[in-house]
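A.B. asks: My questions will all concern the structure given below.
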Amino acid sequence: MKDAPRESDSKLSKRVKGLNYFYDFSKLVASKNASPGKIYQGVVDLIPPAWQYPEITCAKLVIDDREFSTTNFKESKWQQKGDISINRAKIGFLIVGYLLKKPEADEGPFLNEERYLLNLVCERVGQFAKHRQIKAMLQEDDVKYRTMVDEVNDGIYICDLNGTLIYANRALACILGFERPAAIIGKRFLEFLPPDKGNVLTEQYQTAMSSGINSALITTEVIKQDSTSAFIEINPATFIKDGQLVGNQGVVRDITERKQAEAKFEHLSTQDSLTGLYNRAFFDAEMKRVERGRQFPISIVRVDVANLKNVNDVKGHQAEDKLLKRVAQVLFKSFRGDDIVARIGRDEFAMLLQNVDEDTADETIKRIRENLQEYNNNESVPAIRLFIGAGTAKKKEGLLSALKQADKFIYLEKKKNKYSS
């Protein structure tokens, strides 16, 4: 098998790096000893390992008229910038740059995944700054600050020791699908959670109540009044009055849009952008995963597209793309919903089939050929021609040998037909 482009590997790596970044960021924010300045410095110090080229990555955060930067920061020709806002008012910005020229990608030398990550970091920094403002307001007894709390976009609540809401602002009522806070006061917070989500919240709430220690940030799903769901982030704390623990208070944020963005981010890191099938990085990761499992025998079916280079030379890049999309349609139709169907190279596809032996793999190849013939008969475009091979790994056998076996069948078929790509 020819060496395939490894662009998708970096995308999968970006997904892992992005998750690592937010894990470390969350730990930093949750630290009781971390000052705002330390957290803002941590934001930039955590950035280089999360980008493609850590050794030449620098970052600078400007917020509240203060600057925080990595020690190697310099202005560069190759930069990304994101704004930080509270209630749509800009309060700062974040710059990530490369100190040396790198190959062109989606946005200059940067990947689309890095733009998503930068935007998410800016959003989280804005949320942290907003939390600080709200916390400062809640510490004041003046009526004007209480009025401001009722007008902020984030939900504010106070619960008694039983978890019953005794105060809620308008924003929290809206998050849960109600017009006025009075509609939710007197209800338990758990009433708005799916049954399978309530245990984590209950455990953390009980820990906070019994120990007086603030709970960690909680992300959960809620069921709104109209039965639709949303995702929220709860930043809870103990509520102490006159030196007595009387309940729990906190800030609630609707993060449904962020969850959707993260889902899109994950989709980009596992899918081939042209065909919609899985990409090479995901296929390689799945090979390693299933090899450690017990669902043997496992078969790998390999497919190469004939004469793709000739299509490109004669009709151009768009014709090549259309041909590959048609191949993807034929393959997608030929496999089960739980099979891994991936494009692993320019003209190369691979399918990972668990609990499939040699005979069943042969039946699968027959089905591909039947679907291909049907497609070619019904389409006026030039016929698609595929070279197909399969290999099977039995218990305790490595999948690499099955992949090589499938490649060998394809090689022999190409040689027999004097084919070259």
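A.B. asks: Does Val252 fit the bill of being under 30 Å from Ile175 (Cβ atoms) and surrounded by fewer than 21 Cβ atoms within 10 Å (Cβ to Cβ)?
C.D. replies: No; evaluated as a whole, the condition is false for this residue.
A.B. asks: Here's another thing I want to ask about it. Test each condition in (1) more than 22 Å from the chain's Cα centre (by Cα); (2) modelled with pLDDT of 75 or more; (3) farther than 30 Å from Asp154 by Cβ; (4) not in a helix (DSSP H, G or I) for Ala34 and report the one that comes out false.
C.D. replies: Checking Ala34 against (1) more than 22 Å from the chain's Cα centre (by Cα); (2) modelled with pLDDT of 75 or more; (3) farther than 30 Å from Asp154 by Cβ; (4) not in a helix (DSSP H, G or I), the one that fails is (3).
A.B. asks: I would also like to ask the following. Given the criterion among the small types (Gly, Ala, Ser), surrounded by fewer than 18 Cβ atoms within 10 Å (Cβ to Cβ), closer than 28 Å to Glu113 by Cβ and at pLDDT below 90, identify the matching residue among Ala281, Ala285. If you could, list the steps in order and put the result at the bottom.
C.D. replies: Numbers: Ala281 fails: surrounded by fewer than 18 Cβ atoms within 10 Å (Cβ to Cβ).
Just one listed residue meets the conditions, Ala285.
A.B. asks: Follow-up question, since we're still on this one. Please go through region 49-69 and give me each residue that is over 24 Å from Lys130 (Cα atoms) and surrounded by 12 or more Cβ atoms within 10 Å (Cβ to Cβ), ordered by number.
C.D. replies: Keep residues of region 49-69 that are over 24 Å from Lys130 (Cα atoms), which gives 49-58.
Across region 49-69, the qualifying residues are Pro49, Ala50, Trp51, Gln52, Tyr53, Ile56, Thr57, Cys58.
A.B. asks: Taking strands (runs of 3 or more DSSP E) that do not extend beyond region 45-93, which have at least 2 residues that are in the same structural domain as Val29 (by TED's automatic domain parsing) and within 25 Å of the chain's Cα centre (by Cα)?
C.D. replies: Hits in region 45-93: 57-63, 78-86.
Residues are listed down the side, and each one gets a yes or a no for (1) in contact with a strand residue (DSSP E or B) (Cβ under 7 Å, 6 or more places away or on another chain); (2) not β-branched (Val, Ile, Thr):
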position: Ile344; (1), (2): yes, no
position: Phe349; (1), (2): yes, yes
position: Gln354; (1), (2): yes, yes
position: Asp359; (1), (2): no, yes
position: Arg367; (1), (2): no, yes
position: Asn376; (1), (2): no, yes
position: Val381; (1), (2): no, no
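A.B. asks: List, please: which pairs have Cβ atoms under 8 Å, are six or more places apart or on different chains, and start with a residue in region 176-199 that is assigned by TED's automatic domain parsing to the domain that holds Asp154 and over 20 Å from Leu161 (Cα atoms) and end with one that is of a type in the set (Ser, Thr, Tyr) and assigned to a loop (DSSP other than H, G, I, E, B)?
C.D. replies: Close Cβ pairs (under 8 Å, with a partner that is of a type in the set (Ser, Thr, Tyr) and assigned to a loop (DSSP other than H, G, I, E, B)) amount to Gly177/Thr228.
A.B. asks: Just checking, how many residues over region 86-122 are polar (S, T, N, Q), at negative phi and at pLDDT below 90?
C.D. replies: Here is the first cut: in region 86-122, the residues polar (S, T, N, Q) are 87, 112, 119.
Okay, now just the ones that are also at negative phi, so 112, 119.
Now narrow it down to the ones that are at pLDDT below 90: 112.
Residues meeting the conditions: 1.
A.B. asks: Could I ask something else about it? Keeping to region 156-166, report how many residues are more than 35 Å from the chain's Cα centre (by Cα) and of a type outside the set (Asp, Glu).
C.D. replies: Keep residues of region 156-166 that are more than 35 Å from the chain's Cα centre (by Cα), which gives 160-162, 166.
Subsequent filtering for residues that are of a type outside the set (Asp, Glu) retains 161-162, 166.
Matching residues across region 156-166 total 3.
A.B. asks: Looking only at region 347-365, count every residue that is surrounded by fewer than 22 Cβ atoms within 10 Å (Cβ to Cβ), over 22 Å from Phe296 (Cα atoms) and in contact with a helix residue (DSSP H, G or I) (Cβ under 7 Å, 6 or more places away or on another chain) and tell me the total.
C.D. replies: 0
A.B. asks: Sticking with this structure for a sec: Please count how many residues of region 372-399 are buried (at least 17 other Cβ atoms within 10 Å of the Cβ) and more than 25 Å from Arg289 (Cβ to Cβ). Show your work before the answer.
C.D. replies: Of all residues in region 372-399, those buried (at least 17 other Cβ atoms within 10 Å of the Cβ) come to 372, 375, 384, 386-393, 399.
Right, trim to more than 25 Å from Arg289 (Cβ to Cβ) and you get 372, 375, 384, 386-387.
Result for region 372-399: 5.
A.B. asks: Considering every residue within region 107-114, establish whether at least one is surrounded by fewer than 16 Cβ atoms within 10 Å (Cβ to Cβ), within 22 Å of the chain's Cα centre (by Cα), of a type outside the set (A, V, I, L, M) and part of a helix (DSSP H, G or I).
C.D. replies: So far as region 107-114 goes, no, none of its residues is surrounded by fewer than 16 Cβ atoms within 10 Å (Cβ to Cβ), within 22 Å of the chain's Cα centre (by Cα), of a type outside the set (A, V, I, L, M) and part of a helix (DSSP H, G or I).
The values are calculated or read from the model by the stated rules, or taken from the named source; none is laboratory data. Note that the structure is a prediction, hence the values are computed from the model and not measured. Every residue, glycine among them, receives a Cβ derived from its backbone with ideal geometry; neighbour counts consider all protein chains shown.
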